[in-house]
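For reference, the structure is listed below as structure tokens.
The values are calculated or read from the model by the stated rules, or taken from the named source; none is laboratory data. Just so it is clear, the structure is predicted and the values come from calculations on it, not from any experiment. In this analysis, Cβ positions are derived from the backbone assuming ideal geometry, glycine residues included, and neighbour counts consider all displayed protein chains.
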Amino acid sequence: MDTDSRPVGRVALAARLAGELCELSPGVWAAQSFGARVALRARVTDDVLLADAMAEVWDVARARPVEADRVWSRSGPGGTVVVAHGGDWSLVVRVDGPVLVLSDRSEQVARIDGDPGIDFELSGLVPELLAAARGEAPFDPASVPALPRMPWLRPDHKDRSAREA
């Protein structure tokens, strides 16, 4: 495969996988889809290509405005799917489902959901990508209100960190 056709092939494959994830129920996708057959379980911490892609996907998720062909989402009977493309990678995610990574530097489709080293990060990344696809502003941690006073604390209760200081 020459380098000029590779990105086009990756983008087309990402669109095909996204269509399957969007249209097929989770059980049918796992049992009968092309994507489930070709995707191999992988750990991001064990693969430098995956680690590089995951580092770059955050930049794409936080960038505004986002080009429509770079991050997009679609909903269907199988769920909501979000697709993001970088320079040499594509990420295809069904919300609460498989997370697939395609790279021009690898012939394999990696499935990274279930990787304990990345699950927490994915829980924050997927909503960011959905917001980007919808044209919404990136999440601002400062927008989270402070926790209310807990009723079980005594009025004279001081924060533990303040007592230890």
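Filtering region 39-50 down to residues that are of a type outside the set (Lys, Arg) and surrounded by 15 or more Cβ atoms within 10 Å (Cβ to Cβ), which residue is nearest to residue 19 (Cα to Cα)? Let's see the steps before the verdict.
Going residue by residue through region 39-50, those that are of a type outside the set (Lys, Arg) are 39-40, 42, 44-50.
Still in the list and also surrounded by 15 or more Cβ atoms within 10 Å (Cβ to Cβ): 39, 42, 44, 47, 49-50.
On the way: 39: 15, 42: 22, 44: 24, 47: 26, 49: 24, 50: 22 Å.
For region 39-50, the residue satisfying everything is 39.
Output the residues belonging to region 79-95 that are touching a strand residue (DSSP E or B) at 6+ places or on another chain (Cβ under 7 Å) and either in a loop (DSSP other than H, G, I, E, B) or of a type outside the set (A, V, I, L, M, F, W, C) (or both).
To start, the set of residues in region 79-95 that are touching a strand residue (DSSP E or B) at 6+ places or on another chain (Cβ under 7 Å) comprises 79-84, 88-95.
Matches in region 79-95: 79, 80, 88, 90, 94, 95.
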* Asked: Looking only at region 122-145, which residues are loosely packed, with under 15 Cβ neighbours inside 10 Å, touching a residue at least 60 places away in the same chain (Cβ under 8 Å) and not in a loop (DSSP other than H, G, I, E, B)?
  -> 134
* Asked: In this structure, is residue 36 assigned to a helix (DSSP H, G or I), of a type in the set (A, V, I, L, M, F, W, C) and loosely packed, with under 14 Cβ neighbours inside 10 Å?
  -> no
* To do: Go through 105, 64 for me and flag whichever is closer than 23 Å to residue 131 by Cα, modelled with pLDDT under 95 and outside any helix (DSSP H, G or I).
  => 64
* Structure fact -> When (1) closer than 24 Å to residue 132 by Cα; (2) modelled with pLDDT under 95; (3) outside any helix (DSSP H, G or I); (4) not acidic (Asp, Glu) are applied to residue 50, the one that fails is (3)
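Being farther than 27 Å from residue 138 by Cα and among the aromatic types (Phe, Trp, Tyr) is true for just one of 72, 29. Which residue is that?
29
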* Scan (1) aliphatic (A, V, I, L, M); (2) at pLDDT below 90; (3) exposed (fewer than 12 other Cβ atoms within 10 Å of the Cβ) for the single condition residue 31 breaks and write down its number. => (2)
* Residues that are over 17 Å from residue 48 (Cβ atoms) and without any contact (Cβ under 8 Å) to a residue 24 or more places away in the chain, drawn from region 100-118 -> 113, 116
